[in-house]
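Below is one structure, written out as structure tokens, with a few remarks after it.
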Amino acid sequence: MSVKMDTTDACDLRFGQVGIACVRVRRVDAAALCDELERRVRAAPQLFSRAAVVLDLSHLLDLPDDGAVDALLEAVRSAGMLPVGLAYGTSETEALAKRMGLPLIAKFRAAYEPASGAAPAPVETAAPRHDAAPPEPIHATPTSGNAPTAQHHAGAVRSGQQIYARDRDLIVTGAIANGAEVIADGNIHVYGSLRGRAMAGAQGDENTRIFVSDFRAELVAIAGHYRVFEQIPDNLEGQSVQCWLEGEKLLIAKL
Amino acid sequence: MTAEIIVVTSGKGGVGKTTTSASLATGLAMAGKKVAVIDFDVGLRNLDLIMGCERRVVYDFINVVHGEATLKQSLIKDKRHDNLYVLAASQTRDKDALTQEGVEKVLDGLSEDGFDYVVCDSPAGIEKGAHLAMYFADHAVVVVNPEVSSVRDSDRILGLLASKTRRAERGEGAITQHLLLTRYNPARVAIGEMLSVKDVEEILGINVVGVIPESENVLTASNNGIPVIVDANSLAGQAYSDTVARILGEERPLRFIDVPKKGFLQRVFGG
């Protein structure tokens with residue numbers, strides 16, 4: 001080993017937002033879960049094979065015991081996905097995650113306990129914010145109607161750039177390039193081409209919408225429900241559209 | 001009087017950054033400006049070849065950055081133009097040998113020596129070499145080919161130019177961004193094999209400062225160590241002359257962007 005003096009830092013520690021799939025468990029049945037996920041992986045291997053996923057147990061009436069959770073995690077693994085953590089639920093989930101040695105990931109719209117005191121900070125980004133309005137408490141139900149003011153970004157969002165509007169709507173007057181990302185806890189309005197990704201309702205508000213005046217998106221998501229566009233449908237390409245959620249379904253229609 | 005610093009950059013490799021740097025620097029010198037062109041591609045030096053001075057490199061950019069040689073010793077005078085100098089990259093070092101303070105010292109030194117323009121030939125990528133090449137710039141020439149991957153990389157670079165430069169950090173106003181479309185082939189655009197000028201301008205949201213047609217003369221000129229702008233008979237050379245004039249503030253219409261019409265004899269005899 002050569003001893004080389006290097007004065008630069010050994011690493012940079014940064015917060016960023018990454019898309020991550022969430023496995024919402026509806027019943028504690030490891031075999032059924034494995035079958036189901038295997039089917040998904042086979043259907044879209046590029047999307048799901050070795051995809052990092054978080055396990056969301058908040059839809060179960062009672063938190064399963066450690067053995068059952070282990071079995072569920074193993075089921076995810078054997079289906080070809082990589083479980084990297086548990087989604088935030090209650091303090092019991094937190095204790096469970098600790099016992100499992102897994103990180104707890106702040107999940108979109110988990111049933112935070114009002115009594116649990118400090119809510120976990122949402123995933124922070126390095127995106128510039130235009131003003132410093134105090135963020136609303138996380139466990140207040142985020143509805144777009146009473147969000148402070150919208151965050152406005154004038155000009156293009158270039159490939160590799162990321163804009164995040166916390167607790168509010170985002171308005172972009174300019175094009176969003178391929179490989180660029182705009183994220184808002186509220187609605188997103190784009191007056192320009194959307195060629196990159198747009199994610200509304202990042203804290204889980206399923207009533208948020210995305211409005212685009214020239215639709216060519218790679219991906220749109222609302223409250224974690226997303227659609228990717230390998231091929232943009234002819235009737236939507238270049239049109240003014242809006243995207244909204246109906247139940248679990250992300251719908252897109254011309255305006 | 002401080003020198004205007006122009007970075008020639010692209011993100012993607014092989015799109016014509018060095019060819020452009022050589023022709024831009026030569027064109028500015030032909031317009032009577034005192035110009036230095038610096039090769040920031042440490043470890044893969046090419047500019048000296050295209051400028052035809054590879055056998056005259058004694059000291060290089062890294063030697064000056066590290067204080068092992070003076071600017072005067074390292075600047076290579078162009079054989080065609082008295083007011084044009086080349087600062088070659090080191091082939092034996094890598095990009096970590098560059099430091100921000102060192103680069104600043106060299107650029108300040110060139111300003112003091114009365115240079116009007118410093119052209120920085122950036123390496124491909126967005127790592128240290130490319131970052132330092134753009135960091136001190138006042139103008140940027142973003143070289144783009146009419147194909148999707150090059151356009152996307154240029155978009156990334158345009159974003160970095162707006163945020164990761166000294167001007168941006170100090171809030172001194174944005175860098176002037178010039179988009180230069182190279183390797184343009186109107187015939188292939190016409191049949192839909194290449195993006196058009198309009199496509200590229202639309203995707204990137206800025207207008208082009210020049211369009212350089214794809215031309216055999218570019219390769220020949222490079223191999224002979226002559227910047228293609230010197231060849232006034234070649235279309236690429238003429239297009240570079242137009243581009244330099246536009247960067248200097250002159251208005252000139254875009255040329256060579258339509259499929260050339262066949263002349264009467266060509267139509268009769270085929271051609």
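Averaged over the residues of B:179-188, the number of partner chain Cβ atoms lying within 10 Å of the residue Cβ comes to 0.
Of the trypsin sites (Lys or Arg not before Pro) found in the stretch A:17-94, those in coil by DSSP whose Cβ has at most 14 other Cβ atoms within 10 Å are A:R26, A:R27, A:R50.
For chain B, a Kirkwood hydrodynamic radius built from all Cα pairs, placed in the Stokes-Einstein relation at 10 °C and 1.306 mPa s, yields a translational diffusion coefficient of 85 µm²/s.
Mean partner shielding of peptide B:148-156, defined as the number of other chain Cβ atoms within 10 Å of each residue Cβ, is 4. Note on B:V259 and B:Q100: with the Förster distance fixed at 30 Å, the Cβ-Cβ geometry gives a FRET efficiency of about 0.05.
Shielding by partners for peptide A:189-196, expressed as the average number of C-beta atoms from other protein chains within 10 Å of each residue's C-beta, is 1. Short to long, the 10 Å bins of the Cα pair-distance histogram for the protein assembly as shown hold 3, 16, 22, 20, 17, 13, 7, 2, 0 percent of all pairs.
Neighbour counts of C-beta atoms inside 10 Å place A:D214, A:D70, B:D41 in the sequence A:D70, A:D214, B:D41, starting with the fewest. Between B:H66 and B:K198, the modelled labels are 5.4 nm apart [label points 7 Å from Cα along Cα→Cβ].
Could you tell me what percent of the DSSP beta bridges with both partners in the protein assembly as shown are antiparallel, to the nearest 5? That works out to approximately 20 percent antiparallel. Counting beta carbons within 10 Å around each of A:R168, B:R55 and listing the fewest first gives the order B:R55, A:R168.
Take the Cα of B:A174, step 7 Å toward its Cβ, do the same at A:R26, and the gap between the two points is 4.9 nm. For chymotrypsin sites (Phe, Trp or Tyr not before Pro), the sites in the stretch A:178-255 that DSSP calls loop and that have at most 16 other Cβ atoms within 10 Å are A:F229. In this structure, A:S49 and A:S78 have a Cβ-Cβ separation that, at R0 = 22 Å, corresponds to a calculated FRET efficiency of about 0.95. Dipole magnitude for the stretch A:21-112: computed about the Cα centre from +1 point charges on Lys and Arg Cβ and -1 point charges on Asp and Glu Cβ, it is near 440 debye. Rounded to two decimals, the Cα-based Rg/Rh of the stretch B:1-79, with Kirkwood Rh, is 0.94. Fully extending the segment from B:K164 to B:V58, taken as 0.36 nm per residue of separation minus the present Cα-Cα distance, adds 34.9 nm.
A cut-off of 5 Å between modelled amide H atoms, ignoring neighbours fewer than 5 places along the same chain, links B:Y184 with B:I212, B:E214. Only alpha carbons enter this Debye calculation for the stretch B:78-223, each as an equal point scatterer, and the log10 of I(q)/I(0) it gives at q = 0.15 Å⁻¹ is -0.94. As a proxy for reagent exposure, B:K79, B:K34 were ordered by neighbouring Cβ count within 10 angstrom, fewest first; the result is B:K79, B:K34. Straightening the chain between A:E38 and A:T149 buys 35.6 nm, computed as 0.36 nm per residue apart minus the Cα-Cα spacing. Site pair A:E94 and B:A232 shows an inter-label distance of 7.8 nm when each label is modelled 7 Å from Cα along Cα→Cβ. Entry note, the stretch A:151-254: relative contact order of 18 percent, from Cα contacts under 8 Å with a spacing of 6+ residues. The rule of thumb for compact globular proteins, 2.2 N^0.38 Å, goes into the C-alpha radius of gyration of the stretch A:21-112 1.01 times. In the stretch B:181-242, Cα pairs under 8 Å separated by at least six residues give a relative contact order of 31 percent. Shape summary: the stretch A:151-254 maps onto an equivalent ellipsoid whose semi-axes, from the alpha-carbon gyration tensor, are 17, 17, 11 Å in decreasing order.
The 3J(HN,Hα) values that the Karplus relation (6.51, -1.76, 1.60; θ = phi - 60°) gives for the stretch A:41-58 are, in residue order, 5, 5, 5, 9, x, 5, 7, 10, 5, 6, 6, 6, 9, 10, 9, 10, 9, 6 Hz. Gly and Pro appear as x. As a length-normalised measure over Cα pairs under 8 Å and 6 or more apart, the relative contact order of chain B settles at 24 percent.
Bear in mind these aren't lab numbers, they're just calculated from the coordinates by the rules spelled out. Nothing here was measured: the structure is a model prediction, and the numbers come from that model. Virtual Cβ from ideal backbone geometry, glycine too; neighbours counted across all protein chains shown.
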